[in-house]
Amino acid sequence: MSHVFTISPDFSPDHISGWYIFNTWLQKQTGEAIHLQMYDDFQSQREAIKNDGIDLIYANPFDAAMLVREKGFLPLVKPAGRVDEAIIAVNAKNPVEDVAYLSPGIRVAVTEDPDVHLMGMIMLEPGDLHAGNVATNVYDTYVLVAKHLLRGDADVGIFLAEAYDDLSNMIKSQLKILVRSQISVIHHSLMIGPKLAEKRDEFQRLLIDMSNDAKGKGVLDGLGFEAWIGVEDEEMEFMIDLMDTLNT
């Protein structure tokens, strides 16, 4: 029976083929039968996790607490030089230059990306804004968040910084960043579940060495990563505690 590998639904669509290639590489290197299962949304993915249907996951930081504390997952690696930061942006024609001057009742465009949404709402607090006094509209992608800002259908957009930076120069020229988070320690992680826990050291070693091999480096390029870096239990616990703090 094959193990099931899944990716946090907030991954860039540009890298979907890269994840399938990575899964093939992982199977060859480990000798394990691994099926890559993609989910369109966080809710359906979390249901699969709760039903013990997932054995490997490239997880967003918001879900890390459930994975570790409720489902016994262990961290393996994280992408080198990649952290999750959020950006608050508005239409470039908007005269507001500081979130402190945004008004209750504004329309906030977001995605389902939970850690980015959380960071973004914290960044809106200087304007005395919160979930109870803004209108939140959820879109499937950050490109759609930008599109609705440009159309005037939304007043503020909350973006994953990396996704904002990947927008075309034409789109970015029509937007204005009000604030960019600088937390620096929140990141996605590749994690391994209980059914494969005894293989943790082997998987971690293979992944960390991946960038030293020409074929492995090519697979990483397809994901937009330079290398994997090992994540120890203490680092994961620190990030989970930080996310808990931000969420209170």
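The values are calculated or read from the model by the stated rules, or taken from the named source; none is laboratory data. The structure presented is a predicted model; accordingly, all values stated were derived computationally and were not measured. FYI the Cβ positions are ideal-geometry reconstructions off the backbone, even for glycines, and counts take in every protein chain you see. Areas reflect the complete protein model, heavy atoms only, side chains present, ligands, DNA and RNA absent. Shrake-Rupley method; radii C 1.70, N 1.55, O 1.52, S 1.80 Å.
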| With respect to the numbered conditions (1) over 18 Å from the mean Cα position of the chain (by Cα); (2) surrounded by fewer than 14 Cβ atoms within 10 Å (Cβ to Cβ), which one is the sole condition not fulfilled by Ala80? | (1)
| Got a sec? Which of Met239, Met191, Met210, Met243 is buried (at least 16 other Cβ atoms within 10 Å of the Cβ) and touching a Lys or Arg at 6+ places or on another chain (Cβ under 9 Å)? | Met210
| note | When every residue in segment 92-109 that is within 24 Å of the chain's Cα centre (by Cα) and surrounded by fewer than 22 Cβ atoms within 10 Å (Cβ to Cβ) is compared, the one farthest from Phe225 (Cα to Cα) is Arg107
| field | Out of Ile88, Ile54, sole residue that is under 17 Å from the mean Cα position of the chain (by Cα), at pLDDT 95 or above and among the hydrophobic types (A, V, I, L, M, F, W, C) | value | Ile88
| said: Which pairs turn up if I take residues in segment 227-248 that are touching a residue at least 60 places away in the same chain (Cβ under 8 Å) and look for partners that are of a type in the set (Lys, Arg) and assigned to a helix (DSSP H, G or I) with beta carbon separation below 9 Å, at least 6 apart in sequence or on another chain? | reply: Ala227/Lys217; Gly230/Arg205; Ile240/Arg69
| task | State whether the residues of segment 115-123 include one that is open to solvent by less than 50 Å² (accessible area, probe 1.4 Å), at pLDDT below 95 and assigned to a loop (DSSP other than H, G, I, E, B). | result | no
| query | Right, Glu32: modelled with pLDDT of 95 or more, more than 30 Å from Lys215 (Cα to Cα) and among the charged types (D, E, K, R) or not? | reply | no
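To keep it simple, each residue is scored yes or no on (1) surrounded by 18 or more Cβ atoms within 10 Å (Cβ to Cβ); (2) without any contact (Cβ under 8 Å) to a residue 12 or more places away in the chain.
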residue: Asp10; (1), (2): yes, no
residue: Tyr20; (1), (2): no, no
residue: Glu32; (1), (2): no, no
residue: Met38; (1), (2): no, no
residue: Asp41; (1), (2): no, no
residue: Ser44; (1), (2): no, yes
residue: Glu47; (1), (2): no, yes
| said: Quick check on my filter: what residues within segment 134-163 are open to solvent by 70 Å² or more (accessible area, probe 1.4 Å) and assigned to a loop (DSSP other than H, G, I, E, B)? | reply: Asp140
| query | If you take the residues of segment 164-184 that are of a type in the set (Ser, Thr, Tyr) and surrounded by 13 or more Cβ atoms within 10 Å (Cβ to Cβ), which of them is farthest from Val145 (Cα to Cα)? | reply | Ser181
